[in-house]
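Each remark here refers to the structure printed beneath this line.
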């Protein structure tokens, strides 16, 4: 058997670097746009079946075998055990446990949280091939693994292998949307601490997602604590208000179904253009109380025009309030008191989960709560 080009320790290090590098690229692409598949047809479906298999051990196979193959092209990516012998045989268990298990743990156990997936019965065979299908309960997903790894080994192309691994990691990223993140429940939350973690949370760019979650959580807790309205309606950050049937990002609705107030959220300064365009929609629903909650308040260049427009709206029966989010939060959270602040930090996590915010935002909120 020709020797592998890497010793086990070197293979692990190389595979880890490859996996982390492609994962970083996938995450960056996902934050900027919609992920576009790089495979198609039956091969794409087989990758998806493997990564999302009900057989937990199978989910670890493609990241392990493909990262190892990219680290050492002489390896047979179908091989699971060095004892199999023959050309390209290697111990895939070492790569799985030292690279992919650690990756899984860092990413909220997105693959299932197995500490030793290659020790489990489904993978206690020499290789991923049709020869061992009879030992598998889940024959359909085993066939998917065989198809993918067989195609990679037959093609023998580093570019193709990288493309398949990238597609597998894209499917892993999509699984993250379903992952439950644990949000630590602080026993006490001071006003300074609450405002501090909000400042840290909102400092990162999110396309308005974090600001909308915070604004919705604050509105919900204020409504419940003070009996101001029965529910807060909102859509996803990517949905236009018109498509959701809402007149603004948030509608606070009474028990009788009347819109008590609306909240428009802006992750940048409020401009006169924002105010004019949004007020046209709000007038149709005859809502008299309107909040514009912005990241930094009114744009300096538009301040005079915005204030004059607000004054005209008042004459027409509309009370328009414009504030930056931290000023509003500091005032509201002081009025809510400590029980209300504890409820608020929990509600932010609920908003992030229910509206499927990116795992980056959910994990960031979890980490900030853990720092309290």
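The values are calculated or read from the model by the stated rules, or taken from the named source; none is laboratory data. Note that the structure is a prediction, hence the values are computed from the model and not measured. Every residue, glycine as well, gets a Cβ built from its backbone with ideal geometry; the counts of neighbours run over all protein chains shown.
Checked against (1) touching a residue at least 40 places away in the same chain (Cβ under 8 Å); (2) under 29 Å from residue 367 (Cα atoms); (3) surrounded by 15 or more Cβ atoms within 10 Å (Cβ to Cβ), residue 109 passes all but condition (3).
The criterion of at least 3 residues that are in contact (Cβ under 8 Å) with a residue 24 or more places away in the chain is met, among helices (runs of 4 or more DSSP H) falling completely within the stretch 239-356, by 272-284, 303-315, 325-354. Of the listed requirements (1) within 23 Å of residue 31 (Cβ to Cβ); (2) in contact with a helix residue (DSSP H, G or I) (Cβ under 7 Å, 6 or more places away or on another chain), residue 354 misses just one: (2).
Of the helices (runs of 4 or more DSSP H) entirely within the stretch 117-230, those holding at least 2 residues that are over 18 Å from residue 79 (Cα atoms), touching a strand residue (DSSP E or B) at 6+ places or on another chain (Cβ under 9 Å) and not assigned by TED's automatic domain parsing to the domain that holds residue 102 occupy 209-226. Of the candidates 25, 91, 37, the single residue that is touching a residue at least 40 places away in the same chain (Cβ under 8 Å) and either more than 25 Å from the chain's Cα centre (by Cα) or not assigned by TED's automatic domain parsing to the domain that holds residue 153 (or both) is 91. Whether a residue is crowded, with 19+ Cβ neighbours inside 10 Å and modelled with pLDDT under 95 was assessed, and residue 278 passes this test.
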